[in-house]
Amino acid sequence: MDFVVESLRRLLRRPEGARWPVDAEAGLTAHDWVFDPSFGFFGAAGGWLEDHGLRHVLRSWVDDCPVRRWSVPGCGLTVRFPALAVCCLVGALTGLAGTAAFRRRSFYCLSFAFFAAMNAAALVFHVFLAPAAPCRAFPLFVDHAATGLSGSFLGIALLESAGVVRTGSRLAALCIPLFILAVLALCTVRAAGEAAYLSGCASALCGAAYVGVTGARPRDEAVSAALTVIVRWCAGIAAVFAASVVGARAICSMSHGYITLLELLFTASDIGFIVVLSQAKRLSAPSKEKDA
């Protein structure tokens, strides 16, 4: 019980060093938003980079776009990263649609459900909450945990569809809630939450890469065709995003600071999940192997 209380206290506490007037946000950049040790999305990683003198190196390589803000007249609401807000809304709707479309495929369903939660949390954290907001830690926790879980379940789902792993046993069903609880518990620690976020992204990419490189396919032609479409799209998305990272500064300049690596990353994930959703009918069809 003491562990739970301490975890909630750590989760909801005010970010250290996050006391400044709202006008000071005018000088913030996307790099600060992600890597600042006091309020950044990857604050623990940013602190490590700063301690080892590497943060300025990363700043010189990755884009340093200003944080664009729109003020909504009449209600005092400030919208940060307006382009990212659109990406989050698209992602949340895609997640909800996928949850319904894959309701009979547990791993796909869970992946899309947590994808919706991730985008909803990201919308609150990145778009609506100021760096000094006292409740900012909670959507950060949800974003980290939901991303880790969504990507992990998507990777497992792709491997299951390809026939690489089998998850129909009672033991596998029992492991799902235990895995979710374990990730949620780990994400109460900031550094572990950031690691879970990156692990989720890597799991989805590794699952697609394994299916693509090994050529693993089930005998079911519909599922096999769906996996081929997904793998090809994932390869294209990864290549375009890699090129975008190299040209991030140019993209920032051409878009007048409205498109940063955050928007590019969320756009890539949205497209990836939309592609998987487009194959829902094939992936959810009764397996001919089971019927035989």
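Overview of values
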| read-out | value |
| --- | --- |
| Cysteines without a disulfide-compatible partner [the chain; Cβ-Cβ under 4.7 Å] | CYS75, CYS87, CYS88, CYS109, CYS135, CYS175, CYS187, CYS201, CYS206, CYS234 |
| Per residue value of the accessible surface for segment 169-292 (all protein chains in place, 1.4 Å probe), Å² | 56 |
| q = 0.12, 0.21, 0.25 Å⁻¹: log10 I(q)/I(0) that the Debye formula gives for segment 58-133, counting C-alpha atoms only | -0.46, -0.90, -1.04 |
| Rg/Rg_globular for the chain, with Rg_globular taken as 2.2 N^0.38 Å and Rg from C-alpha atoms | 1.05 |
| With DNA, RNA and ligands ignored, accessible area of VAL276 (1.4 Å probe; Å², nearest 10) | 0 |
| Estimated FRET transfer efficiency (LEU77, LEU178; beta-carbon r; R0 35 Å; 0.05) | 0.30 |
| FRET E, pair VAL165, VAL245, Förster distance 41 Å, beta-carbon r, rounded to 0.05 | 0.85 |
| Projected label distance in nm at ALA235 and CYS135, using a 7 Å step from Cα toward the beta-carbon | 4.6 |
| For segment 157-206, Kirkwood radius (reciprocal of mean inverse C-alpha pair distance, Å) | 12.3 |
| Rg over Rh [alpha-carbon atoms, Kirkwood Rh] for segment 115-200 | 1.06 |
| Kirkwood hydrodynamic radius over Cα pairs of segment 161-276, then Stokes diffusion coefficient at 10 °C and 1.306 mPa s, in µm²/s | 95 |
| Cα centre as origin, Lys/Arg/Asp/Glu Cβ charges: the chain dipole, Debye | 760 |
| Label-reachable residues, segment 272-286, where backbone N falls under 11 Å from a point 7 Å from LEU96's Cα toward its Cβ | none |
| Base-10 log of normalised Debye intensity for segment 241-290 (one unit scatterer per alpha-carbon) at q = 0.18, 0.23, 0.28 Å⁻¹ | -0.64, -0.82, -0.98 |
| Rg ratio (alpha-carbon, reference 2.2 N^0.38 Å) - segment 51-198 | 1.22 |
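The values are calculated or read from the model by the stated rules, or taken from the named source; none is laboratory data. The structure presented is a predicted model; accordingly, all values stated were derived computationally and were not measured. A quick note on method: Cβ atoms are made from the backbone with ideal geometry, for glycine too, and the neighbour counts reach across all protein chains shown. With ligands, DNA and RNA removed, areas are computed over all heavy atoms of the protein, side chains included. Shrake-Rupley method; radii C 1.70, N 1.55, O 1.52, S 1.80 Å.
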